[in-house]
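Below is one structure, written out as structure tokens; comments come after it.
No value in this document is a laboratory result; all are computed from the given coordinates. Treat the numbers as computed from the prediction; the structure is a model and nothing was measured. For neighbour counting, all protein chains shown are included, and Cβ atoms are generated from backbone atoms with ideal geometry for every residue, glycine included.
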Amino acid sequence: MIKVNVNGGQLEQKEIDAYIDYGKKKYPDKNISQMDVTVDGDYVDLKYTFENVPFERIRRITGYLVGTLDRFNNAKRAEERDRVKHGI
């Protein structure tokens, strides 16, 4: 469900739906959570707010790019555990 805020005037639901469809086509890889429509006479300004994308940390450990250590055998897990970890 997309939250829609209309400022500076009134719009019909049909026009709001068209702006939502426009946003979905313009940003096909993003999920729109909110849309702000500012009406200025015959013009509108559209501002889309997107849902946060889940982020999975990927680290380089012992020459491999990994997200988790669950597929490592005991030797690789020990190698990772014994590494010198530097702070930021």
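In the set Arg59, Arg77, only one residue is at negative phi and out of contact with any Leu (no Cβ under 7 Å at 6 or more places or on another chain); that residue is Arg59.
Among the conditions (1) of a type outside the set (Lys, Arg); (2) over 19 Å from Ile2 (Cβ atoms); (3) within 23 Å of the chain's Cα centre (by Cα), Glu79 misses just one, which is (3).
Within the range 35-51, the set of residues being closer than 18 Å to Asp17 by Cβ and of a type in the set (A, V, I, L, M, F, W, C) comprises Met35, Val37, Val39, Val44, Leu46. Selection over the range 21-45 of residues that are out of contact with any helix residue (DSSP H, G or I) (no Cβ under 8 Å at 6 or more places or on another chain) and closer than 16 Å to Gln10 by Cα gives a count of 8.
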